[in-house]
Amino acid sequence: MLNIKEYVAPTSLEEAYQYLVSQKGATLLGGCAYLNLGTRTIPLAIDLSKAGLSFIKEENDYIEIGAMTTFGDIEQSKVLAHYFNNILALSVSDIVGVQLRNLVTVGGTVYSRYGFSDFITALHALDTKVKLYKQGIFDLEYFLEKGSKEPDILEKVIIKKDNRKAVFKAMRNSHGDYAILNLAAAQIGDKFRIVVGARPGRAALAYQTMEYLNKEYLKNQEFTSSALKQAGEILSEELSFGSNGRGSSEYRKELAKVLLRKALKEVTYLAGQSEN
Ligand SMILES: Cc1cc2nc3c(=O)[nH]c(=O)nc-3n(C[C@H](O)[C@H](O)[C@H](O)COP(=O)(O)OP(=O)(O)OC[C@H]3O[C@@H](n4cnc5c(N)ncnc54)[C@H](O)[C@@H]3O)c2cc1C
């Protein structure tokens with residue numbers, strides 16, 4: 001249970017930031033779903049819901065998603081439905097249920113860099129940057145690795161509008177559980193981007209697999225079954241796959257191969273369709 005000593009609901013980012021740095025233990029509230037899982041006392045709770053951070057904006061070259069945008073908003077967005085084969089909405093659609101998805105936020109998720117996150121894996125398959133209010137703009141990859149150097153507010157994520165095709169795959173023991181493994185694949189022209197999350201470690205790019213796929217694809221503009229097999233072998237060796245209550249390292253390696261094969265078949269099909 002959460003025990004909140006003082007509660008504020010600032011109406012601007014600057015005001016929220018001043019509260020955040022005003023005392024040790026000051027805590028931002030996103031959807032509060034994850035915060036609420038533990039028992040803790042928060043000396044100062046900063047509710048971001050009035051700070052103007054709930055938006056999905058389409059600019060000429062980018063889509064911006066504000067930190068207080070919920071997964072429910074992502075699923076219902078007509079803008080996002082037009083891009084990247086709706087990967088963002090599809091990545092969150094199996095998370096627990098509608099009520100939870102209408103609470104949980106982009107900011108709380110991305111700032112926390114959860115290893116199990118489905119949304120982060122999908123976001124990482126796109127050309128995504130993270131805007132922190134004080135520290136500025138970072139590549140998502142850098143942010144996932146390093147995190148924030150100091151207390152800050154995740155203001156928005158910025159996604160480049162390019163023509164990539166993208167698909168998301170995940171394996172769960174049961175509906176509503178965390179993924180045992182998730183994987184996103186994107187194709188832009190002849191180039192592939194592969195991200196694997198819930199290993200159970202944080203989502204990471206599979207550079208060697210991508211390099212292999214790029215070379216193979218250049219040869220025939222498709223993947224033979226032996227190339228798909230070889231890509232799976234490379235993937236299962238290049239990233240670390242751990243064991244926990246949801247699955248062993250060996251099981252995750254096998255899953256990675258299967259999810260990769262399915263994702264590549266789908267993404268190359270989608271890319272082929274858009275050329276016709
Ligand atoms: C029961 C349950 C099951 C779940 N299952 C899944 C699942 O299967 N797959 C999956 O991907 N996710 C799952 N999640 C996680 C969920 O999708 C969100 O990622 C998570 O709840 C965090 O979002 P929130 O808005 O609730 O954050 P909060 O709980 O409000 O905050 C989390 C942390 O982020 C900080 N924070 C919040 N907003 C900001 C901001 N703008 N800037 C900086 N810091 C901020 C808070 O201070 C806090 O430390 C689950 C969550 C719950 C509660």
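Since every read-out is calculated from the coordinates, none of them should be taken as a lab result. Source: prediction; values computed, not measured. We place every Cβ from the backbone using ideal geometry, glycine too, and count neighbours over all the protein chains shown.
Values computed for the structure shown
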read-out: Exceeding the 20 Å Cα-Cα cut-off - candidates Lys169/Lys265; Lys146/Lys169; Lys229/Lys265; value: Lys146/Lys169
read-out: Excluding exposed DSSP-loop chymotrypsin sites (Phe, Trp or Tyr not before Pro) (at most 16 other C-beta within 10 Å), longest clean stretch of the chain; value: 56-276
read-out: Percent antiparallel among DSSP beta bridges (both partners in the chain, rounded to 5); value: 80
read-out: Spacing of the two label points (7 Å from each Cα toward its C-beta) at Asn244 and Glu222, in nm; value: 3.9
read-out: Two-site label geometry, Asn36 and Lys215: point separation in nm, points 7 Å out along Cα→Cβ; value: 5.1
read-out: Neighbour net charge for Ser174 - beta-carbon separation under 12 angstrom, K R +1, D E -1; value: 0
read-out: Using θ = phi - 60° and Karplus 6.51 cos²θ - 1.76 cosθ + 1.60, couplings along the range 213-218 (whole Hz; Gly, Pro as x); value: 4, 4, 5, 4, 5, 4
read-out: ³J(HN,Hα), Karplus 6.51/-1.76/1.60, whole Hz, each residue of the range 164-177, x for Gly, Pro; value: 6, 9, 8, 9, 10, 10, 8, 10, 10, 5, 8, 4, x, 7
read-out: Interchain or long-range residues, amide H under 5 Å from Leu181's placed H; value: Met171
read-out: For Ala203, distant residues with modelled amide H under 5 Å away; value: Ala198
read-out: The range 66-74 - phi-based ³J(HN,Hα) in whole Hz, Karplus 6.51/-1.76/1.60, Gly and Pro as x; value: x, 4, 8, 5, 8, 5, x, 4, 4
read-out: With Cα atoms, 0 to 90° folded angle of helix 249-275 axis to the chain main axis; value: 80
read-out: The range 1-70 - Rg and Dmax from Cα coordinates, angstrom; value: 13.8, 44
read-out: For the range 56-160: relative contact order, % (alpha-carbon pairs under 8 angstrom, 6 or more apart); value: 32
read-out: Additional length obtainable on full extension of the chain from Phe55 to Val98, 0.36 nm per residue less Cα span; value: 13.6 nm
read-out: Normalised per residue, the volume of the convex hull around the Cα set of the range 165-232 (Å³); value: 97
read-out: Nearby aspartates and glutamates by direct alpha-carbon distance to Lys165 (threshold 17 angstrom, same-chain neighbours under 8 apart not counted); value: Asp61, Asp127, Asp190, Glu222, Glu266, Glu275
read-out: Amide H within-cut-off set for Val96, under 5 Å, with H built and near neighbours excluded; value: Gly176
read-out: Over the chain, relative contact order from alpha-carbon pairs under 8 Å, at least 6 apart, %; value: 15
read-out: Length released on extending from Glu141 to Leu205, taking residue separation times 0.36 nm less the Cα-Cα span; value: 22.2 nm
